[in-house]
1. Would you mind calculating the gained length between Leu182 and Leu140 on full extension (0.36 nm times residue separation, minus the Cα-Cα distance), in nm to one decimal?
2. Could you compute Rg(Cα) / (2.2 N^0.38 Å) for the stretch 91-196, with N its residue count?
3. Please sort 140-152, 179-191 by packing, taking for each peptide the average over its residues of neighbouring beta carbons within 10 angstrom, highest first.
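Bear in mind these aren't lab numbers, they're just calculated from the coordinates by the rules spelled out. Since we're looking at a predicted model, the values are computed, not measured. As a convention, Cβ positions derive from the backbone with ideal geometry for all residues, glycine included, and neighbour counts pool all protein chains shown.
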Amino acid sequence: MDTTKTAAPTAAEADTAEDKAAPNTPADATTPEAAAGTPAEDAHVDADEDFDQDADPAAGAAAQGSGVGSAASAIVAAALALVALSGSWVSRVIAERQTLIGQIESAGATTAKAKIAALYGDAWHMTALVNGVLATLALLIAVFVLARPAFGAPGRVLPVWVRSVAWAAVALGIIGVLVFGLMYFDLLVALPTAAE
């Protein structure tokens with residue numbers, strides 16, 4: 001039986017053993033090199049910061065805010081032009097009111113021409129006038145939409161569909177202004193006449 005004892009490690013040997021084990025311990029993570037992280041981790045953090053800046057909704061809204069207004073204005077202009085050509089509720093109400101006024105005035109009319117003008121002519125003219133105003137308003141809005149990029153940021157161009165809708169509103173507005181102008185002055189459809 002061997003009774004020899006192994007010598008206990010000296011303090012210097014114990015320190016070197018701890019130094020060899022130290023790189024694998026979590027305590028080493030507090031060193032400046034470990035705190036800085038690897039280049040891949042730094043790139044990941046930078047990418048996250050860039051993503052947060054790109055995803056800023058205020059910046060995106062500022063860049064596209066004027067495009068939404070132009071698109072909405074073009075749609076409104078086209079809708080107004082269509083309503084003007086098909087006849088609006090407002091023009092019908094005003095025409096019925098004018099018809100009622102004409103019935104009251106026709107009681108004192110002495111000629112058939114005056115009665116026709118009071119009962120029908122004034123109502124037709126009011127319908128043409130109101131619808132002509134709507135067509136003119138549609139035309140002005142559409143022209144404003146098409147001209148706005150020239151006075152805005154340089155190089156800014158409206159989307160194709162917005163320009164198409166605006167040009168359609170311009171065409172319908174011009175047709176409406178011509179038709180209702182001719183109707184108002186009795187050039188397109190003249191009032192009927194009766195034998196005296």
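1. Numbers: separation 42, 0.36 × 42 = 15.12 nm, distance 1.96 nm.
Difference between extended and current length: 13.2 nm.
2. Numbers: Rg = 19.9 Å, N = 106, 2.2 N^0.38 = 12.9 Å.
My calculation over the Cα atoms of the stretch 91-196 gives 1.54.
3. 140-152, 179-191
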